[in-house]
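I have placed the structure first, in the form of structure tokens, so that the comments after it can refer back to it.
Bear in mind these aren't lab numbers, they're just calculated from the coordinates by the rules spelled out. Note that the structure is a prediction, hence the values are computed from the model and not measured. Every residue, glycine among them, receives a Cβ derived from its backbone with ideal geometry; neighbour counts consider all protein chains shown.
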Amino acid sequence: MTTQHYTKPTAVFCTGPESGGVDRNGVEYPEWYVFAGDDEAEPVGKSYTCRTFEGAVSLARNMARDRRLPLELDASPA
């Protein structure tokens, strides 16, 4: 029998911007990431990708409030 180890999240992290790729016009676009993470800021579960800084911050605040976890805002506007 295989045992899965679940790491409990310690905070909600909002990071970015990072390069999200290039659109069809050849313009590079930024992306921000929001996730519940462990002590080493590694995602525990699903990681969400946002196309705007404001959207990422809003999502991160809501997740932190809903999950009763501190918010680690390591993101900045593009």
Kirkwood-based Rg to Rh ratio, segment 11-75, C-alpha trace: 1.03
C-alpha long axis of helix 53-67 to longest principal axis of the chain, angle in °: 10 degrees
CD proxy at 222 nm, helix term only [per DSSP H run n ≥ 4: -39500 (n - 2.57); per residue of the chain; nearest 500]: -6500 deg cm²/dmol
Computed label-point distance, nm, for sites Ser58 and Ser76 using a 7 Å Cα→Cβ extension: 2.4 nm
Given charges at beta-carbon only (K, R positive; D, E negative), |dipole| of segment 11-75 in Debye: 400 debye
Highest-first arrangement of 15-24, 49-58, where packing means the average Cβ count within 10 Å: 49-58, 15-24
Additional length obtainable on full extension of the chain from Tyr29 to Lys8, 0.36 nm per residue less Cα span: 4.3 nm
